[in-house]
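For reference, the structure discussed in these notes is given below.
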Amino acid sequence: MLLLGTHPVLWAAFDPGRLPDKAARRLRSRRQPLAFSLASLWEVAIKTSLGRPDFSVDAKLLHRALLDEGFVELLLQAAHIARVAGLPWVHRDPFDRMLVAQAMEERLTLLTAEATLAGYGRFVQVV
């Protein structure tokens, strides 16, 4: 299963042209189920409420759109939170760290636009 980071989730849902060609083909193929994290919805909601122009998205609409497209919803679990505590400080953003922890704990590949996250190793693929 592929876990999409927040920006790839937004691009897949609202602006597929922003996805790099290889990532777009991979998502369209649906050879692997696609997942999104509630951490991404949380990030969108917070950053939208702060007035960030790159996050002017209704989290409820995003949630519905992803479910309608067949994405799997990855809930936050205590094991994910515990995993965050043990992550090295390769990256400081709490939402990205949660996504990495979820990918590691669930043995998923995180597709992200955040190049720094590649420092977490095999569970992260930068698009």
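Counting only residues 5 or more places away or on other chains, whose amide H sits under 5 Å from the amide H of Val90 once H atoms are built in the peptide plane?
none
Suppose a student asked you for the relative contact order of region 1-124, using Cα pairs under 8 Å spaced at least 6 residues apart; what percent would you report?
On the way: 156 pairs, mean separation 38.6, N = 124.
Rounded, it is 31 percent for region 1-124.
Got a sec? How would Glu114, Glu43, Glu73 order by Cβ neighbour count within 10 Å, fewest to most? Please report the intermediate quantities before stating the final value.
Values: Glu114 20, Glu43 24, Glu73 12.
Ranking Glu114, Glu43, Glu73 by Cβ neighbours within 10 Å, fewest first, gives Glu73, Glu114, Glu43.
Can you compute the helix-only [θ] at 222 nm over the chain? Use -39500 (n - 2.57) per DSSP H run of at least 4 residues, normalise by all residues, nearest 500 deg cm²/dmol.
Taking each H run of at least 4 residues, the total per residue is -14000 deg cm²/dmol.
Would you work out which of Leu75, Thr112, His91 lies farthest towards the positive end of the dipole of region 8-127, given +1 charges on the beta-carbon of Lys and Arg and -1 on that of Asp and Glu, about the Cα centre?
Farthest along the dipole direction, towards plus: Thr112.
To the nearest 20 debye, what charge dipole does the chain have about its Cα centre, counting +1 at the Cβ of each Lys and Arg and -1 at the Cβ of each Asp and Glu?
Values: 16 positive and 13 negative charges, 71 e Å.
Using only the charged Cβ atoms, the result is roughly 340 debye.
State the three equivalent ellipsoid semi-axes of the chain, derived from the C-alpha gyration tensor as the square roots of 5 times its eigenvalues, in descending order and whole Å.
Working: eigenvalues 82, 62, 41 Å².
Value: 20, 18, 14 Å, ordered largest first.
Karplus couplings for region 106-120 from phi (6.51 cos²θ - 1.76 cosθ + 1.60, θ = phi - 60°), rounded to Hz, Gly and Pro as x?
9, 6, 10, 9, 8, 8, 9, 8, 8, 4, 4, 5, 4, x, 8
Which of Leu62, Leu99 has the fewest other C-beta atoms within 10 Å, and how do the rest follow up to the most?
Working: Leu62 21, Leu99 34.
The most exposed by this proxy come first: Leu62, Leu99.
With θ taken as phi - 60° and the coefficients 6.51, -1.76 and 1.60, list the Karplus ³J(HN,Hα) couplings across region 72-78 in order, rounded to whole Hz; mark glycine and proline as x.
Calculated HN-Hα couplings, in order: 8, 8, 9, 6, 7, 10, 4 Hz.
Count charges around His7 for me, please; just the other residues with Cβ under 14 Å from its Cβ, Lys/Arg as +1, Asp/Glu as -1. Could the numbers behind the result be given before it?
Details: positive: Arg18, Lys47, Arg52; negative: Asp15, Glu43, Asp54, Asp93, Asp96, Glu114.
The answer is -3.
Taking θ as phi - 60°, what are the ³J(HN,Hα) couplings along region 13-21 by the Karplus curve (6.51, -1.76, 1.60), each to the nearest whole Hz, with x for Gly and Pro?
Values per residue, Gly and Pro as x: 7, 10, 8, x, x, 7, 6, x, 3 Hz.
Which residues' amide hydrogens lie under 5 Å from the amide hydrogen of Val72, considering only partners 5 or more residues apart or on another chain, with H built in the peptide plane?
Amide H neighbours of Val72: Leu34, Ala35, Phe36.
At Arg64 and Leu87, where each label point lies 7 Å from the Cα along Cα→Cβ, what is the point-to-point distance in nanometres?
Label-label distance for Arg64 and Leu87, simple model: 3.0 nm.
Using a Gaussian network model of the chain whose springs link C-alpha atoms within less than 10 Å, name the residue from Phe71, Phe14, Phe36 with the highest mean-square fluctuation.
In the Gaussian network model the winner is Phe14.
Any read-out appearing in this document is the output of simple, stated calculations on the displayed coordinates, not a laboratory observation. As the structure is a computational prediction, the values presented were derived from the model and not from experiment. A quick note on method: Cβ atoms are made from the backbone with ideal geometry, for glycine too, and the neighbour counts reach across all protein chains shown.
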